[in-house]
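A quick write-up on the structure given underneath.
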Amino acid sequence: METPSAALPTRVLTCVAVDDEPLATAVMQRYCAQLPFLQLVATFHDAMSALAYLQTHAVDVVFLDIEMPGLTGIQLAQILPPGRSRVVLTTAYDQYAVQGYELGVADYLVKPIGFQRFVQAANRLYHSFVPAEAAPAEPAGAEAVAVAHPEPHAPVAADAMFVKNEHRLQRVAFDDILYIEGMKDYLMIYTAESGKILTLQSFRRVEEVLPPQRFARIHKSFLVALNRIEHVERGKVQIAGRLLPVGDAYRESFMALIRAYNQL
């Protein structure tokens with residue numbers, strides 16, 4: 001009588017690694033080889049070679065270094081066919097996390113990449129491809145490092161954004177935001193738990209990231225969280241005890257959002 005074999009993953013994700021450092025691609029080869037649900041099918045040491053391959057080969061995941069000669073990883077991510085592959089940025093620098101978030105990358109790994117951090121990213125990728133009912137409780141090889149909470153530098157959560165604050169990137173949870181005030185080239189983000197956060201950012205960039213059904217621009221200088229509004233009266237809204245003006249150019253669209261938000 002044959003002994004039943006261990007359950008195999010319901011899907012194997014095909015991957016490529018792009019990095020101009022041979023040691024970095026060697027690390028990716030070693031890490032992927034230890035996870036049975038990942039198959040590294042190719043490695044590249046420049047973005048142009050990777051692009052030529054990806055134009056004719058569909059893969060599930062691209063592990064992509066940012067700083068490379070010629071075409072950078074960010075530039076390659078921008079021109080890859082949309083929706084075909086998940087991109088995981090790999091870099092020794094954390095200042096690109098906001099750009100990665102705006103590009104919609106699946107994860108952001110800061111070198112040196114530890115194996116546990118790599119497995120966390122791989123675990124999330126696996127479950128993003130395989131429906132929960134079809135996926136095993138834990139992919140083989142990852143039992144001891146199942147994701148409990150995403151690491152702060154991983155720009156994958158749909159419930160937060162990263163903003164540059166002084167010399168660091170700060171994660172700001174959407175649920176924590178009260179309102180945002182424009183101050184020339186800066187924005188002041190007022191939060192319930194984290195206080196005030198000053199960032200060099202534009203309203204346009206922030207509006208691209210914030211969920212439109214939860215936030216509204218009410219004035220050229222103010223953007224508010226709809227669920228934080230205490231009352232609306234005479235062309236003003238009150239949030240956390242402060243009255244904020246509603247600009248004429250925004251009044252009609254804002255009131256339409258309020259009616260939709262409250263299902264009036």
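Values in this text are rule-based calculations from the coordinates and carry no lab data. Being a predicted model, the structure only gives us computed values, none of them experimental. With ideal geometry, Cβ positions are generated from the backbone for all residues, glycine too; neighbour counts draw on all protein chains shown.
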| field | Gyration tensor over alpha-carbon atoms, segment 13-129, equivalent ellipsoid semi-axes in Å | value | 18, 16, 15
| remark: A correct Karplus calculation of ³J(HN,Hα) over segment 223-236, with 6.51 cos²θ - 1.76 cosθ + 1.60, θ = phi - 60°, whole Hz and x for Gly and Pro, returns 10, 10, 7, 4, 6, 9, 6, 8, 6, 10, 7, 6, x, 9
| query | Any idea what the dipole of segment 13-129 comes to, in debye rounded to 20, about its Cα centre with Lys/Arg Cβ at +1 and Asp/Glu Cβ at -1? | reply | 380 debye
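Assuming R0 = 25 Å, what is the FRET efficiency of R242 and A92, from their Cβ-Cβ distance, to the nearest 0.05? Could the numbers behind the result be given before it?
Working: r = 42 Å, r/R0 = 1.68.
That pair, R242 with A92, gives E of 0.05.
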| task | Report, in debye and to the nearest 20, how large the dipole of segment 160-262 comes out about its Cα centre when Lys and Arg carry +1 and Asp and Glu carry -1 on their Cβ. | result | 140 debye
| Cβ-based net charge around Y31, under 13 Å, with every Lys or Arg adding one and every Asp or Glu removing one | +2
